[in-house]
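Reviewing the structure listed below.
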Amino acid sequence: QVQLVESGGGLVQSGGSLRLSCAASGRTFSSYPMGWFRQAPGKEREFVAAISLSGGSTVYADSVKGRFTISRDNAKNTVYLQMNSLKPEDTAVYYCTSGRTYSSNKGIGSLDAWGQGTLVTVSS
């Protein structure tokens, strides 16, 4: 059974940076695409970014394109989300997820596991 554990959230000022990490265990990490979603207070969970098995392909939500970078280290069973130029509207709980399908057009699909989430708060 796969387990996903996020870390790296916190409080940051507008314009600042944070790097989130998600450590996976319980199955062969390199066999699954990975992604990040977020959920702001009072809003539905939304897609942020996804990455292919090898890390050679990534896809982003328009709202974070050019500011966030997703990456993975298959040797460390970890996926990262580097967040730069943070805005107050980026405030949310960020969740790591794994799936069974990936495409550069649609991102990650058939999601089968979620982490517990890590809170990111961006102050203005």
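The values are calculated or read from the model by the stated rules, or taken from the named source; none is laboratory data. Values in this document were obtained by computation on a predicted structure and should not be read as measured data. As a convention, Cβ positions derive from the backbone with ideal geometry for all residues, glycine included, and neighbour counts pool all protein chains shown. To get the accessible areas, we keep the full protein, side chains included, count just its heavy atoms, and leave off ligands, DNA and RNA. Shrake-Rupley method; radii C 1.70, N 1.55, O 1.52, S 1.80 Å.
If only one of Gly66, Gly56, Gly10 is open to solvent by 60 Å² or more (accessible area, probe 1.4 Å), of a type in the set (Gly, Ala, Ser) and within 22 Å of Val122 (Cβ to Cβ), which one is it?
On the way: Gly56 fails: within 22 Å of Val122 (Cβ to Cβ); Gly10 fails: open to solvent by 60 Å² or more (accessible area, probe 1.4 Å).
Selected residue: Gly66, the only one of Gly66, Gly56, Gly10 that is open to solvent by 60 Å² or more (accessible area, probe 1.4 Å), of a type in the set (Gly, Ala, Ser) and within 22 Å of Val122 (Cβ to Cβ).
Residue by residue through the range 90-106, note down the ones that are outside any strand (DSSP E or B) and open to solvent by 10 Å² or more (accessible area, probe 1.4 Å). Walk me through it before giving the result.
Pass one, the range 90-106, residues outside any strand (DSSP E or B): 90-91, 99-100, 104-106.
Hits for the range 90-106 are Thr91, Arg100, Ser104, Asn105, Lys106.
Take the range 77-116 and flag every residue that is aromatic (Phe, Trp, Tyr) and touching a helix residue (DSSP H, G or I) at 6+ places or on another chain (Cβ under 6 Å). Give the derivation first.
First pass over the range 77-116, keeping only residues aromatic (Phe, Trp, Tyr): 80, 94-95, 102, 114.
Matches in the range 77-116: none.
I'd like the full set of residues that are under 17 Å from Leu4 (Cα atoms) and either touching a strand residue (DSSP E or B) at 6+ places or on another chain (Cβ under 6 Å) or free of Cβ contacts under 8 Å to residues at least 40 places away in the same chain (or both), limited to the range 53-75.
Those that are under 17 Å from Leu4 (Cα atoms) and either touching a strand residue (DSSP E or B) at 6+ places or on another chain (Cβ under 6 Å) or free of Cβ contacts under 8 Å to residues at least 40 places away in the same chain (or both): Ile70, Ser71, Arg72, Asp73, Ala75.
Is there a residue being in contact with a Phe, Trp or Tyr (Cβ under 6 Å, 6 or more places away or on another chain) and closer than 15 Å to Glu89 by Cβ anywhere in the range 23-39?
yes
If you go through the range 107-116 one residue at a time, do you hit one that is over 23 Å from Val2 (Cα atoms) and either in a strand (DSSP E or B) or more than 10 Å from the chain's Cα centre (by Cα) (or both)? Before you say what the answer is, go through the steps one by one.
Taking the range 107-116 and keeping what is over 23 Å from Val2 (Cα atoms), we get none.
Scanning the range 107-116 turns up no residue that is over 23 Å from Val2 (Cα atoms) and either in a strand (DSSP E or B) or more than 10 Å from the chain's Cα centre (by Cα) (or both).
Anything in the range 2-24 that is modelled with pLDDT of 95 or more and over 13 Å from the mean Cα position of the chain (by Cα)? List them, or say none. Lay out the reasoning, then the answer.
Within the range 2-24, the first condition is being modelled with pLDDT of 95 or more, and the residues that meet it are 3-24.
Listed by number, the residues that qualify are Gln3, Gly10, Leu11, Val12, Gln13, Ser14, Gly15, Gly16, Ser17.
Can you tell me which of (1) crowded, with 21+ Cβ neighbours inside 10 Å; (2) part of a helix (DSSP H, G or I); (3) charged (D, E, K, R) is the one Arg72 doesn't meet?
Looking at each condition in turn, Arg72 falls short on (2).
Among the residues that make up the range 64-76, is at least one of them over 18 Å from Asp112 (Cβ atoms), under 13 Å from the mean Cα position of the chain (by Cα) and acidic (Asp, Glu)?
Scanning the range 64-76, I find no residue that is over 18 Å from Asp112 (Cβ atoms), under 13 Å from the mean Cα position of the chain (by Cα) and acidic (Asp, Glu), so the answer is no.
Output yes when any residue across the range 107-122 is out of contact with any strand residue (DSSP E or B) (no Cβ under 7 Å at 6 or more places or on another chain) and open to solvent by less than 70 Å² (accessible area, probe 1.4 Å), and no when none is.
no
Test of understanding: among Thr78, Thr28, which residue is open to solvent by less than 60 Å² (accessible area, probe 1.4 Å) and under 17 Å from Thr97 (Cβ atoms)? Spell out the reasoning first.
Working: Thr28 fails: open to solvent by less than 60 Å² (accessible area, probe 1.4 Å).
Matching residue, one of Thr78, Thr28: Thr78.
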